[in-house]
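Participant: Provided herewith is a single structure, encoded as structure tokens, for subsequent inquiry.
The values are calculated or read from the model by the stated rules, or taken from the named source; none is laboratory data. Keep in mind that what you see is a predicted model, and the values were worked out from it rather than measured. Methodologically, a virtual Cβ is constructed for each residue, glycine included, from the backbone with ideal geometry; neighbour enumeration extends over all protein chains shown. Heavy atoms of the whole protein, side chains included, go into the accessibility calculation; ligands, DNA and RNA do not. Shrake-Rupley method; radii C 1.70, N 1.55, O 1.52, S 1.80 Å.
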Amino acid sequence: MRLRHPTGRIVHLGYEITPRPARRVAQVIAQLDTYAAVRTMIGADSLGVSLWLPPALAAALATGARIRTRLRAELDARRLEVVTLSGLSFDEENGSPFAEGGGEQLFWDEPARREYTLDLARVLVDLLPDETVRGAVNTIGLAPKDHWDEETAKTGTGILRRLSGGLADIAWQTGRAVRVGFHTASGYALDSPEETVAALARIDKDRLGVRLDLDHVTRTWDDPVAGLETLFDAGLSIIEVRLTAAPGPRLDAWRAALAMLLGPDGPRTEYLTLARHVDDPSAEQIASDLAYLRAELAALGLAPENEPCAAR
């Protein structure tokens, strides 16, 4: 779903499809009908969805033009849009990353993590809507803190440099840019604002940045707005924001952070991804989540692309 900010810029709102092990594209396609039903329920021309593809499936799609074409056709038939792909899945209890498909987690000191992420980027450029020239892939926040020591960080810096080179090659070959956002999570290298800035100090800031988990931020940062200012002052981009529809007692902090990200001078992120911490949410639950968030965003002046923006 495309929302227009009062400045005229577009912000993409998508729904994160609940992660689960998927070995074949047919298993991904089987999840799409619920979201097509949601699109009809809310009367939207299109609905954004964020797909999680585990490493083996991402590799198969990256090298298999026919199955990419099939997946794109199934999305188009349901009028679903993909502008972001996920390279991580979550523990539903606390929203933190866990191993893909129950296997061993790949951290950012391992070349396999770079190859997995580049496979996702190769898939994404073929799934993007025709008129869209950029998208985003999200990935883990480098590694758990007890793993991301001086030696692994040095190794990871080289791998991230080669990731940037791979993303540049994809952009040159396809004319479409993919950026990568590193997910903030408790216990990971990207946890507090200061830790996030320190861990990402040497990245290519044109192609790499932060995938901000707004629930993590409002739950664990002492002052979310000041924390965001710390990231901005360090030149870090907020490539994607993940959020749930009902933040509960943290509502004021959640709203303040969202208002800063979508302020009157222009949005500081291009992608908002809505999530729900339950398996197989119903179409009614998803539609309710979207209605809640759309009301919050309308209060910030964002409106569907084909409607006039609200006054702020």
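Participant: Can you name every residue in segment 253-268 that is open to solvent by 50 Å² or more (accessible area, probe 1.4 Å) and in contact with a Ser or Thr (Cβ under 9 Å, 6 or more places away or on another chain)?
Facilitator: Of everything in segment 253-268, those that are open to solvent by 50 Å² or more (accessible area, probe 1.4 Å) and in contact with a Ser or Thr (Cβ under 9 Å, 6 or more places away or on another chain) turn out to be PRO264, ASP265, ARG268.
Participant: Mind telling me which of the residues ASP215, ASP204, ASP289, ASP222 ends up being at pLDDT 95 or above and surrounded by fewer than 22 Cβ atoms within 10 Å (Cβ to Cβ)?
Facilitator: After applying the criteria, what remains is ASP204.
Participant: Would you check which residues across segment 130-166 are in a strand (DSSP E or B) and β-branched (Val, Ile, Thr) and list them?
Facilitator: VAL137, THR139
Participant: Being open to solvent by 40 Å² or more (accessible area, probe 1.4 Å) and of a type outside the set (Val, Ile, Thr): is that true of GLY248 here?
Facilitator: So GLY248 passes the test.
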